[in-house]
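Trainee: Input: one structure, supplied below.
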Amino acid sequence: MSQSALRLGVNVDHVATLRNARGGERPDPVRAALVAIEAGADGITAHLREDRRHIRDTDMARLKAEISKPLNFEMAATQDMQRIALATMPHAVCLVPERRMELTTEGGLDVVGQRETLAPFIARFNDAGIRTSLFIAADPAQIEMAAALKAPVIELHTGAWCDAVVEGDRTRADREWQRIVAGAKLAADVGLEVHAGHGLDYATAEIIAALPQIKELNIGYFMMGEALFVGLPETVRQMRAAMQRGRAACESRA
Ligand code: PXP
């Protein structure tokens, strides 16, 4: 693997969404995780929401027990979730804001506003040897606070940029993209490992893969939708190919 290898984390939440529509056991998100890994995923992400609308506690325990690649446990910064995460001992946790009525994680975590509560929270995970990633907008104040709180990783929220790209709003897309470019650079400069995710598809994953500071992309919804048509292994392979095209473009410029 080259120095600048870019990891693909596959989010399996929406396999659980489909399963829960009928309340039974199929399709199984753990099976999806195993298939994704077999096809080339570098890790698996799952979000145990407080309302348990998709991933269940037993899914998280099974993912930890059954997958051979790192588990990224997405969660709200609550005491209850921290207790479950410490019992699960995933490779990493990703702290996200959660609102009950939202369709998906809508914005980034307000690390500046919540610094008093987040500091001991992150310290507890650092002590336990679990890497904490903070899911934030590419905002300089949030990035600098993430570093000050000793989080080893941030995940830049790409949702606003991806929405603008899909809607064909060039002005907004360019503005959001410049924020991501500057944010990734600042984060790497202050010593953070930089991940990105939310709303990515093949085209946007290829573009963002060209940013050398980004070490991991976490992608779910688009991939599960594509998997309905071409299968999950083929979707993982196509996503990896898109990411490699983007990374190759970045390396040829270096
Ligand atoms: N990263 C984080 C922190 C998320 O909350 C989500 C959505 O669950 C994703 C990545 C994946 O986003 P999407 O499902 O839109 O690819």
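The values are calculated or read from the model by the stated rules, or taken from the named source; none is laboratory data. Since we're looking at a predicted model, the values are computed, not measured. Here the Cβ is made from the backbone with ideal geometry for all residues, glycine too, and neighbour counts use every protein chain on show.
Trainee: Considering the range 35-64 alone, what residues qualify as being assigned to a helix (DSSP H, G or I) and either surrounded by fewer than 16 Cβ atoms within 10 Å (Cβ to Cβ) or in contact with a helix residue (DSSP H, G or I) (Cβ under 7 Å, 6 or more places away or on another chain) (or both)?
Mentor: Looking only at the range 35-64, we keep the residues that are assigned to a helix (DSSP H, G or I), and these are 35-39, 57-64.
The answer is V35, A36, E38, A39, D57, T58, D59, M60, A61, R62, L63, K64.
Trainee: Quick check on this structure: which one of L134, L186 is within 16 Å of the ligand (Cβ to nearest atom) and not β-branched (V, I, T)?
Mentor: Working: L186 fails: within 16 Å of the ligand (Cβ to nearest atom).
Step by step, each of L134, L186 is checked, and only L134 is within 16 Å of the ligand (Cβ to nearest atom) and not β-branched (V, I, T).
Trainee: Pull up the range 212-230, narrow it to residues that are assigned to a loop (DSSP other than H, G, I, E, B) and touching a strand residue (DSSP E or B) at 6+ places or on another chain (Cβ under 8 Å), then point me to the one that is farthest from the ligand (Cβ to nearest atom). Talk me through it step by step, then tell me what you get.
Mentor: At the first step, the residues of the range 212-230 found to be assigned to a loop (DSSP other than H, G, I, E, B) are 212-213, 220.
So of that shortlist, the ones also touching a strand residue (DSSP E or B) at 6+ places or on another chain (Cβ under 8 Å) come out as 213, 220.
Working: Q213: 17, G220: 3 Å.
Only one residue tops the list, namely Q213.
Trainee: Another one. Among the residues of the range 204-254, write down those that are of a type in the set (D, E, K, R) and farther than 15 Å from A41 by Cα.
Mentor: Within the range 204-254, the first condition is being of a type in the set (D, E, K, R), and the residues that meet it are 206, 215-216, 226, 234, 237, 240, 245, 247, 251, 253.
Those that are of a type in the set (D, E, K, R) and farther than 15 Å from A41 by Cα: E206, E226, R245, R247, E251, R253.
Trainee: Could you list, in sequence order, all residues of the range 1-34 that are part of a strand (DSSP E or B), in contact with an Asp or Glu (Cβ under 7 Å, 6 or more places away or on another chain) and either among the β-branched types (V, I, T) or buried (at least 24 other Cβ atoms within 10 Å of the Cβ) (or both)?
Mentor: Here is the first cut: in the range 1-34, the residues part of a strand (DSSP E or B) are 7-11.
With in contact with an Asp or Glu (Cβ under 7 Å, 6 or more places away or on another chain) added as a condition, the list becomes 7-9.
Once the filter is applied, which keeps residues that are part of a strand (DSSP E or B), in contact with an Asp or Glu (Cβ under 7 Å, 6 or more places away or on another chain) and either among the β-branched types (V, I, T) or buried (at least 24 other Cβ atoms within 10 Å of the Cβ) (or both), the range 1-34 yields only G9.
Trainee: What pairs can you find where one residue is in the range 24-47 and without any contact (Cβ under 8 Å) to a residue 60 or more places away in the chain, the other is of a type in the set (K, R) and part of a loop (DSSP other than H, G, I, E, B), and their Cβ atoms are less than 8 Å apart, with a gap of 6+ or different chains?
Mentor: I37/K69; I44/K69
Trainee: Against the condition away from the ligand (no atom under 14 Å from the Cβ), at pLDDT 95 or above, within 18 Å of H14 (Cα to Cα) and not hydrophobic (A, V, I, L, M, F, W, C), how does D80 come out, does it pass?
Mentor: Details: away from the ligand (no atom under 14 Å from the Cβ): yes; at pLDDT 95 or above: yes; within 18 Å of H14 (Cα to Cα): no; not hydrophobic (A, V, I, L, M, F, W, C): yes.
Criteria not met by D80.
Trainee: Would you be able to tell me the number of residues in the range 3-42 that are under 28 Å from R245 (Cα atoms) and within 12 Å of the ligand (Cβ to nearest atom)?
Mentor: 8
Trainee: Right, another one. Could you look through the range 189-211, keep only residues that are away from the ligand (no atom under 13 Å from the Cβ) and in a loop (DSSP other than H, G, I, E, B), and pick out the one that is surrounded by the most Cβ atoms within 10 Å (Cβ to Cβ)?
Mentor: Filtering first and then ranking leaves A209.
Trainee: Six or more apart or on different chains, Cβ atoms under 6 Å: show the pairs whose first residue is in the range 234-247 and assigned to a helix (DSSP H, G or I) and whose second is at pLDDT below 95.
Mentor: Every condition considered, no pair remains.
Trainee: Counting just the residues of the range 155-179 that are of a type in the set (A, V, I, L, M) and within 14 Å of the ligand (Cβ to nearest atom), which one comes out surrounded by the fewest Cβ atoms within 10 Å (Cβ to Cβ)? Even if it seems obvious, please write down each step before you answer.
Mentor: We begin by selecting, within the range 155-179, every residue of a type in the set (A, V, I, L, M); these are 156, 160, 164-166, 173.
Restricting the remaining residues to those that are within 14 Å of the ligand (Cβ to nearest atom) gives 156, 160, 165-166.
Working: L156: 28, A160: 22, V165: 22, V166: 13.
Going through the qualifying residues, I end up with V166.
Trainee: Please verify whether the range 66-74 includes one or more residues that are under 13 Å from the mean Cα position of the chain (by Cα), surrounded by fewer than 20 Cβ atoms within 10 Å (Cβ to Cβ), touching a residue at least 12 places away in the same chain (Cβ under 8 Å) and more than 14 Å from the ligand (Cβ to nearest atom). Walk me through it before giving the result.
Mentor: The first filter runs over the range 66-74 and keeps only residues under 13 Å from the mean Cα position of the chain (by Cα), leaving 70-74.
Narrowing further to those that are surrounded by fewer than 20 Cβ atoms within 10 Å (Cβ to Cβ): 70.
Narrowing the set further to residues that are touching a residue at least 12 places away in the same chain (Cβ under 8 Å) leaves 70.
If we keep only those that are more than 14 Å from the ligand (Cβ to nearest atom) as well, we get 70.
Yes, there is a match, as at least one residue in the range 66-74 is under 13 Å from the mean Cα position of the chain (by Cα), surrounded by fewer than 20 Cβ atoms within 10 Å (Cβ to Cβ), touching a residue at least 12 places away in the same chain (Cβ under 8 Å) and more than 14 Å from the ligand (Cβ to nearest atom).
Trainee: Still on this structure, please answer the following. Being touching a strand residue (DSSP E or B) at 6+ places or on another chain (Cβ under 8 Å), at pLDDT 95 or above and more than 15 Å from the ligand (Cβ to nearest atom) narrows it down to one residue among P233, P152; which is it? Working first, answer last.
Mentor: Working: P233 fails: touching a strand residue (DSSP E or B) at 6+ places or on another chain (Cβ under 8 Å).
When all the criteria are applied, what remains is P152.
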